[in-house]
Amino acid sequence: MTETVVRRRTPWLAATVHSVRSETSVARTIVLDVPGWPGHVAGQHVDVKLTAPDGYSAQRSYSLAAPADGDRVELTVQRVEDGEVSPYLVDELLPTDQFEVRGPIGGWFTWHATEPGPVLLVAGGSGIVPLMAMVRERARAGSEAPFTLVYSVRGPSDVYYASELAEVDATILYTRTAIGPRRAGRITAADLPAAADARVYVCGPTGFVETVSDLLLERGHDAANIRTERFGPSGG
Amino acid sequence: MFIDGNGAAGVFAEALGVDITTAVITCAGCGAGGRFAESHVYDHGPGVVARCATCESVLARIVRTPTDAWLDLRGARSLRIPLPAE
């Protein structure tokens, strides 16, 4: 049984924006300096709190996109139309801006580089973010655990981290605008490898995760090997 | 629409000082036990509700006010929390 035991109060910490970089037209990676950051495991997330000058505050959860690196923390945020927090983070935030973060949070949807694999990652849209933290942790640690990634996105312009996906055995499925031999369409059982005792991590919108969980069982995967992270219809 | 237990981890950690996602929560309704991370969380109301992934009974509710966190666990028969190695 592999899990990460976290047992302590998680205070709000001041985060300062170090830099930002675009991933797609609607998503940015935000690199933060968080003095006192306690470190984290690939797959965990943070709560972000924005507070307006009048005291109104709003909170959202975002996955950590990269392994722990001292006080340096990376999030990738996709803008949700009509959202309250994400449009600010994606469109307006600048280096040296500050907000609060709390974490790391969640010890169940995690992967440690000491685990030998094999690992199957299945991402829907921005669900790639915590899975990319696992891919990056594997590279950082020099792990040779076999990793297979199946990544479903609308079209080629929606792919995050394109240059790094070659690190692992990655297949991109396009649901709306396809390039390559596969026709555009939603994920099917044929898009997923059959069971081979892999630990499976599935992250995406709730409907995607539900569908993939059923397809994995159809492909012979054991429910006990499947870990899921659903981020709901709107991250806000 | 629900999310999973991971999405409620922050508010529970704030109240309890532990990561609840790895805890095993047993449903008082149907008796199914599972990781809190796998429960179904509804967070669009004034509080957060976690429901059993098997029977959809309410397992836990938490509401945060400016000064307190109110936790209602009546839907859970037990909550088993892993402890770190000594």
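The values are calculated or read from the model by the stated rules, or taken from the named source; none is laboratory data. Here the structure is a predicted model, which means the values were calculated and not measured. Because the Cβ atoms are built from the backbone with ideal geometry, glycine has one as well, and the counts that use them run over all protein chains shown. Each accessible area value is taken on the protein alone, full model and side chains, heavy atoms only, with ligands, DNA and RNA left out. Shrake-Rupley method; radii C 1.70, N 1.55, O 1.52, S 1.80 Å.
Under the criterion of Cα pairs below 8 Å and six or more residues apart, the relative contact order for chain A equals 19 percent.
Pairing chains B and A buries close to 2100 square angstrom of accessible surface in total, based on protein heavy atoms and a 1.4 angstrom probe.
For the stretch B:3-80, the equivalent ellipsoid derived from the Cα gyration tensor has semi-axes of 19, 12, 11 Å, listed largest first.
Per residue, the convex hull spanned by the Cα atoms of the stretch A:129-232 measures out at 107 cubic angstrom.
The fraction of all Cα pairs in the stretch A:1-128 landing in successive 10 Å bins from 0 to the largest distance is 12, 44, 33, 11, 1, 0, given as whole percents. Take each residue in A:198-206, count the other chain C-beta atoms within 10 Å of its C-beta, and the mean is 1. Against the main long axis of the alpha-carbon atoms of chain A, helix A:128-141 sits at an angle near 90°.
Dipole of chain B, Cα-centred, from +1 at each Lys and Arg C-beta and -1 at each Asp and Glu C-beta, to the nearest 20 debye?
Working: 7 positive and 9 negative charges, 53 e Å.
It works out to roughly 260 debye.
Here's the picture: charge each Lys and Arg Cβ at +1 and each Asp and Glu Cβ at -1 in the protein assembly as shown, and of A:ALA166, B:VAL58, A:PRO67 the one pushed furthest to the positive end of that dipole is B:VAL58.
Computed FRET efficiency, Cβ-Cβ of A:ASP91 and B:ARG64, R0 30 Å: what is it to the nearest 0.05?
Values: r = 28 Å, r/R0 = 0.95.
Using R0 = 30 Å, I get an efficiency of 0.60.
Rounded to the nearest 10 degrees, the angle from helix A:206-218 to the longest Cα principal axis of chain A is 30 degrees.
Could you tell me whether the protein assembly as shown comes out rounded, prolate or oblate from its Cα gyration tensor? Rule is a ≥ b ≥ c as square roots of the eigenvalues, rounded for a/c under 1.5, then prolate if a/b exceeds b/c, otherwise oblate. Numbers along the way, then the final one.
Working: a/c = 1.44, a/b = 1.10, b/c = 1.32.
The shape class here is rounded.
Rounded to the nearest 20, the Cβ-based charge dipole of the stretch A:13-105 about its Cα centre (Lys and Arg +1, Asp and Glu -1) stands at 220 debye.
Among the cysteines of the protein assembly as shown, those with no neighbouring cysteine Cβ under 4.7 Å are A:CYS203. Judged by the ratio a/c of the largest to the smallest principal axis of the C-alpha gyration tensor, the stretch A:11-77 counts as oblate, that ratio being 1.5 or greater while a/b is no larger than b/c.
Across peptide B:19-26, the mean count of Cβ atoms from other chains lying within 10 Å of each residue's own Cβ comes to 5. Report summary: the helix-based calculation at 222 nm, which adds -39500 (n - 2.57) for every DSSP H run with n ≥ 4 and divides by the residues of chain A, gives -3500 deg cm²/dmol. Once C-alpha pairs closer than 8 Å and six or more residues apart are averaged by separation and normalised to the residue number of chain B, the relative contact order reads 28 percent. Peptide A:99-105 has a mean of 3 when you count, residue by residue, the C-beta atoms of other protein chains within 10 Å of its C-beta. Normalised per residue, the accessible area of chain A is 44 Å², obtained with a 1.4 Å probe and no contribution from ligands, DNA or RNA.
Show that you can apply the helix-only estimate: for chain B, add -39,500 (n - 2.57) for every DSSP H stretch of four or more residues, divide by all residues, and state [θ] at 222 nm to the nearest 500. Mind showing how you got there, number by number?
Working: 1 runs with 8 residues, N = 86.
Computed ellipticity for chain B at 222 nm equals -2500 deg cm²/dmol.
In this calculation the C-beta distance from A:ILE179 to A:ARG219 is compared with R0 = 30 Å, giving a FRET efficiency of 0.75.
Here the peptides A:209-222, A:96-109 are ranked by packing, the mean other Cβ count within 10 Å, and the order with the highest first is A:96-109, A:209-222.
Sorted by mean Cβ packing within 10 Å, highest first, what order do the peptides B:76-85, A:45-54 take?
Details: B:76-85: 13.3, A:45-54: 16.6.
Final packing ranking: A:45-54, B:76-85.
Computed from point charges on the beta carbon alone (+1 for Lys and Arg, -1 for Asp and Glu), the dipole magnitude for the protein assembly as shown about its Cα centre is near 440 Debye.
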